[in-house]
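Below: the structure, in structure tokens.
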Amino acid sequence: MSFWRDLLFRYGPRRGFATGEIDIASGMNVRELGGFETPSGRTLNHRFIRSGTTANISKKDAGELWGYGVRSVLDLRGTDEVAGSPERLAQLLDVHYLNVPLYDYDMTAALLERPGSSDGYLAEGYLKMLSNKAAVRAIFSFLAAEPLDSCTLFHCGAGSDRTGIVSMLLLGLVGVERKQLIADYAYSFGYIPEVNAAIFGAGTQHHVREDLAMRIDAISVAHDRLISTYGSFQHYLEECGVTDSELARVRLRLTGKQPEPAFSVDLLNDSSTEADQKRAYYLSTYHNPDKMIADLYYYAQRTRDLTDRVDEGMHDRSFHDHEYITLDVPEAEMGKLFAPVPGVVLSHHLPGTEGGSARIRLAPTGHTVYAPATCRVTAQIPSHNAIGLLTQDGMELVISIGENPTAYHGDGFRQHAWQNDSIRRGMPLISWDATKPEVRALATVVTVEITNASEMSHVRFAERGKEISAGDAIAAVSW
């Protein structure tokens, strides 16, 4: 079922940094931020370079950086470091220069910190950097103010920790997936094949050096705490005070693309939309009626969500606002999956000694698939007979209808939750029209697959042949 893993993690590991033609012999840990996969393409070269100290940059290499497009330098070192070793590129080149000490953090901004944490001094240090919202605000305002086609070099001392945090924020803002963010950081501490094996070597056992494993754990804690606290990189940066226009300019610098409207109906609400664009939209709607249904669903659901947020004092925030959120999950439901359909347990498969996925197959008696846990929709396919989910406690799921769901290209399936929707357990995900023979023939089995089961210490499924009702517990995992 590797197809489904590709569906959820659509892009493979980045295999190095040779895509930007840059070779600075007198530099330290100089790397491009170009070439990373995003949902809309790849990040551009000649826009952002991460680096260690520039104290030993030669005049020749400074000229190389100028020729590469570097017109601004962001220095993340502390004031004492800068006083002891002034910025050399600013002395050699006519560049815009800003020093923002990322270690001079605001101790009162403790939202990300956890008293008595045992995550280690590295992770706590990164969380304190992220708590320095004034510094992050200054950093992104500086980056947004630079010309769109220019290149910014940002650095600290070794180009690993403070520089790694800023790199994570930049790449995370444009949608680079988690594993590649962690890999970008970890390349500062290991050879590329070694890091790739440690991070992307799914399903196989790799020995990871203790110091590299410690580094990977630290940045993982920082990343996951940011997402669990703020929901997304964008929301975190907004909380730091970075404006929407500044975020849009930084995205445009890094990807060359403005963020597209969430749904095409937004084009009609924009007074600057040209008449031919509106005609193109109407033609697209005519040929893709399902897209129009999705648009209408979006606006109807958003209205309900906004009403609920007023009623509940904004206790929950909707994914329709494009903000990753955390919905409350009862302790008793953590680590469990509940039957998405009524029926009978046909079989189940557990990971082997070398890891892999775990799955349970059900023979449904109903015509609707319900959410097996409180989760977020992470993937979908055009035929609407399969869906990817991420549960609140970290299970990565694919629910599919049929023995070979990707081979089906007909209709008859209706999807009730869409990409990035947050949904509670028991909400409908997919329903189907059992009067259609081709649909009835396909919908004889519903498979629930845990694609990251290799990360778990134990997976237990309901016994074969057991009759179940929708909502019955069918799986329990421990990490």
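The values are calculated or read from the model by the stated rules, or taken from the named source; none is laboratory data. Because the structure is predicted, anything quoted here is derived from the model rather than measured. Glycine gets a Cβ as well: all are built from the backbone with ideal geometry, and neighbour counts include every protein chain shown.
Give the number of residues within the range 72-93 that are charged (D, E, K, R) and modelled with pLDDT of 95 or more.
The qualifying residues number 1.
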Do we find a residue being surrounded by fewer than 18 Cβ atoms within 10 Å (Cβ to Cβ) and under 27 Å from residue 126 (Cα atoms) anywhere in the range 59-73?
no
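What are the residues in the range 43-75 that are in a loop (DSSP other than H, G, I, E, B) and among the basic types (Lys, Arg), if any?
Listed by number, the list holds a single entry, 47.
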What residue, among those in the range 459-479 that are part of a strand (DSSP E or B) and more than 34 Å from the chain's Cα centre (by Cα), is surrounded by the fewest Cβ atoms within 10 Å (Cβ to Cβ)?
467
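Scan the range 424-479 for residues that are free of Cβ contacts under 8 Å to residues at least 12 places away in the same chain and polar (S, T, N, Q) and jot them down.
Across the range 424-479, the qualifying residue is only 435.
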In the range 185-202, the residues that are of a type outside the set (Gly, Ala, Ser) and part of a helix (DSSP H, G or I):
185, 192, 193, 194, 195, 196, 199, 200
Enumeration of residues in the range 366-382 that are of a type in the set (Ser, Thr, Tyr) and either within 26 Å of residue 178 (Cβ to Cβ) or touching a Ser or Thr at 6+ places or on another chain (Cβ under 8 Å) (or both):
368, 374, 378
Of those in the range 27-58 that are of a type in the set (Ser, Thr, Tyr) and surrounded by fewer than 20 Cβ atoms within 10 Å (Cβ to Cβ), the residue modelled with the lowest pLDDT is 40
Elements of type helices (runs of 4 or more DSSP H) contained in the range 209-304, each with 2 or more residues being modelled with pLDDT of 85 or more and more than 17 Å from the chain's Cα centre (by Cα):
210-230, 233-240, 244-255
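A quick yes/no check of all residues on (1) in the same structural domain as residue 23 (by TED's automatic domain parsing); (2) modelled with pLDDT of 90 or more; (3) in contact with a Gly (Cβ under 9 Å, 6 or more places away or on another chain); (4) β-branched (Val, Ile, Thr):
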{"residue": "132", "(1), (2), (3), (4)": "yes, yes, no, no"}
{"residue": "136", "(1), (2), (3), (4)": "yes, yes, yes, yes"}
{"residue": "146", "(1), (2), (3), (4)": "yes, yes, no, no"}
{"residue": "149", "(1), (2), (3), (4)": "yes, no, yes, no"}
{"residue": "165", "(1), (2), (3), (4)": "yes, yes, no, yes"}
{"residue": "194", "(1), (2), (3), (4)": "yes, no, no, no"}
{"residue": "200", "(1), (2), (3), (4)": "yes, no, yes, no"}
